[in-house]
1. Filter region B:251-270 down to the residues that are in contact (Cβ under 8 Å) with a residue 40 or more places away in the chain and within 19 Å of the chain's Cα centre (by Cα), then identify the one that is nearest to B:Arg160 (Cα to Cα).
2. Can you confirm whether B:Gly278 is in contact with a Pro (Cβ under 9 Å, 6 or more places away or on another chain), under 30 Å from B:Thr83 (Cβ atoms) and not charged (D, E, K, R)?
3. Return yes or no: is B:Arg104 within 13 Å of chain A (Cβ to nearest Cβ), part of a strand (DSSP E or B) and either exposed (fewer than 14 other Cβ atoms within 10 Å of the Cβ) or touching a residue at least 60 places away in the same chain (Cβ under 8 Å) (or both)?
4. In region B:143-171, which residues are without any contact (Cβ under 8 Å) to a residue 12 or more places away in the chain, in a loop (DSSP other than H, G, I, E, B) and within 13 Å of chain A (Cβ to nearest Cβ)?
5. How many residues, within region A:19-70, are within 16 Å of the chain's Cα centre (by Cα) and at the interface with chain B (Cβ under 7 Å from one of its Cβ atoms)?
6. Looking at A:Gly88, is it crowded, with 18+ Cβ neighbours inside 10 Å and at positive phi?
7. Say whether the condition of being out of contact with any helix residue (DSSP H, G or I) (no Cβ under 8 Å at 6 or more places or on another chain), polar (S, T, N, Q) and surrounded by fewer than 22 Cβ atoms within 10 Å (Cβ to Cβ) is met by at least one residue in region B:77-89.
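Only the coordinates and a few stated rules stand behind these numbers; no lab work does. Please read all numbers here as calculations on a predicted model, not as lab measurements. Note that we place each Cβ from the backbone using ideal geometry, even for glycine, and neighbour counts take in every protein chain shown.
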Amino acid sequence: MTQEISPHRRKGWMSLLATAEEGRLDALFEGLDDTPTHDWLRVPETGGVMVRGRTGGTGAPFNLGEMTVTRCTLKIADGTVGHGYVQGRSKRQAELAAKLDAMLQTAAAPQVEERVLAPLRKERTARKDARAAKAAATKVDFFTMVRGEDG
Amino acid sequence: MYVAVKGGERAIDNAHAWLAEERRGDTSVAELSLAQIREQLKLAVNRVMAEGSLFDPDLAALAIKQSRGDLIEAIFLIRAYRTTLPRFGHSHPVETADMACDRRVSATFKDVPGGQVLGPTFDYTHRLLDFKLAAEGDLPEAPTAAPRQEPTPHVTSFLRGEDIIQTEPHSDAAPKDITREPVAFPADRATRLQTLTRGDEGFLLGMAYSTQRGYARNHAFVGELRIGTVAVEMEIPELGFAIEIGEIELTECETVNQFKGSKTEPPQFTRGYGLVFGQTERKAIAMALVDRALRWRELGEDNVGAAAQDEEFVLSHCDNIQATGFLEHIKLPHYVDFQSELELVRKLRREAETSTAQEAAE
């Protein structure tokens with residue numbers, strides 16, 4: 001049964017699934033009780049996405065270079081369609097992302113939220129915080145030398 | 001001239017077998033894993049991704065292993081692979097103002113909002129060989145501090161407030177893509193930036209250095225250098241909205257250049273821009289300097305005839321794959337070419353000798 005999903009929420013989980021670390025989706029998927037079978041609507045394929053930047057960070061766009069992305073689309077047993085877009089070349093990861101995207105639109109959503117998305121979110125925050133903490137330790141604290149004429 | 005030559009198959013096969021053996025080296029030494037290359041030779045991986053024009057650290061590590069550490073060969077492998085990928089589309093322009101910065105320094109303002117964050121830099125090291133690295137050993141954890149919460153705005157935004165720096169006109173026009181259409185001259189700035197960001201680091205370093213030494217001098221300050229990760233968002237047609245499809249590491253450099261004004265522009269600071277995949281600081285700074293030098297026309301500056309101002313020269317020669325392809329092809333068989341040259345020189349020599357003999361006889 002497909003529930004009404006806001007694009008904002010779906011964007012949130014798809015983004016989280018896209019950037020999961022290699023192997024993590026597999027491990028978390030194992031922890032789910034019931035996982036549906038699926039039919040392919042588009043089998044996993046790896047391609048390139050041209051990443052753009054802006055001149056001066058704020059001006060007109062230019063092409064920076066490509067990145068690898070793997071995508072697929074599937075339909076789980078109850079007819080819900082899921083899309084998977086993940087960074088890199090893992091077809092397995094794209095498949096799991098698509099299946100989880102489909103499940104998140106069904107009654108299985110609370111379980112997926114709790115056992116897959118919550119840990120992914122936590123790990124992502126932890127990863128970012130760990131780097132930010134190291135960066136913060138390298139922030140320069142300036143102090144001004146007292147000059148002679150100032151007494 | 002190329003001619004189909006038969007023969008040499010056995011020699012080629014055996015050469016490749018030996019190449020594989022030499023690549024592996026002494027088998028009593030442990031083999032390198034791709035993860036080791038990706039994690040421990042990260043700056044080489046970054047260079048291969050930047051100049052290969054494909055962000056994929058695992059593939060870049062594989063290319064480095066396959067090429068025995070010859071980075072231009074590795075870049076060649078990545079470029080060749082890249083052409084086999086179907087293009088899914090393009091991303092929204094990345095928001096470098098929102099970068100999660102590992103490093104962010106400004107050479108122009110000491111007290112910038114967001115602060116001077118050194119990150120994992122070689123700067124201030126003594127450049128003395130560290131023999132401790134020759135032995136394996138555990139490493140103490142790097143110190144940490146409370147993560148910075150304040151935003152890290154671009155340094156140039158402060159100068160913009162005072163209207164003393166040239167602005168970069170905002171637009172959402174689709175840029176030209178040099179992987180889809182050949183570069184035509186004069187090239188627009190988007191074309192120049194795309195060409196420079198995947199250009200050879202050594203070439204751009206030399207070009208940038210030439211501007212510092214006085215060939216098209218434009219006195220650059222590093223307004224800002226930042227390294228970190230940004231989210232990449234792409235519009236997904238089947239969904240009708242954009243999602244984040246990944247995170248990439250980038251180095252961004254903005255130079256602020258002294259400018260006395262020209263026939264068309266008032267005195268102000270002008271800008272050069274560098275944006276490169278990975279932690280690639282030298283390349284990003286060089287790119288910004290060369291970008292600025294190439295902007296003489298739009299800023300109404302004089303063309304003083306310096307190499308770094310000549311966009312056809314810079315853009316046509318900064319690609320190390322084009323360059324090495326043409327350079328290295330001359331070692332391949334040119335037997336027929338050379339035969340005709342040989343015949344020609346022999347004929348000229350005979351004619352010269354005949355005329356000398358005739359002059360002597362007269």
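1. B:Glu254
2. Yes: the conditions hold for B:Gly278.
3. yes
4. Matches in region B:143-171: B:Pro143, B:Thr144, B:Ala145, B:Ala146, B:Pro147, B:Gln149, B:Thr167, B:Pro169, B:His170, B:Ser171.
5. Residues in region A:19-70 being within 16 Å of the chain's Cα centre (by Cα) and at the interface with chain B (Cβ under 7 Å from one of its Cβ atoms): 5 in total.
6. Values: crowded, with 18+ Cβ neighbours inside 10 Å: yes; at positive phi: yes.
Taking the combined requirement at face value, the residue satisfies it.
7. First pass over region B:77-89, keeping only residues out of contact with any helix residue (DSSP H, G or I) (no Cβ under 8 Å at 6 or more places or on another chain): B:80, B:83-89.
Among the residues that remain, those that are also polar (S, T, N, Q) are: B:83-84.
Checking which are surrounded by fewer than 22 Cβ atoms within 10 Å (Cβ to Cβ) leaves us with B:83-84.
Scanning region B:77-89, I find at least one residue that is out of contact with any helix residue (DSSP H, G or I) (no Cβ under 8 Å at 6 or more places or on another chain), polar (S, T, N, Q) and surrounded by fewer than 22 Cβ atoms within 10 Å (Cβ to Cβ), so the answer is yes.
Results for (1) within 8 Å of chain A (Cβ to nearest Cβ); (2) touching a residue at least 12 places away in the same chain (Cβ under 8 Å); (3) out of contact with any helix residue (DSSP H, G or I) (no Cβ under 6 Å at 6 or more places or on another chain); (4) surrounded by fewer than 18 Cβ atoms within 10 Å (Cβ to Cβ), shown as yes or no for each residue.
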{"position": "B:His92", "(1), (2), (3), (4)": "yes, yes, yes, yes"}
{"position": "B:Thr96", "(1), (2), (3), (4)": "yes, yes, no, no"}
{"position": "B:Pro113", "(1), (2), (3), (4)": "no, yes, yes, yes"}
{"position": "B:Val117", "(1), (2), (3), (4)": "yes, yes, no, no"}
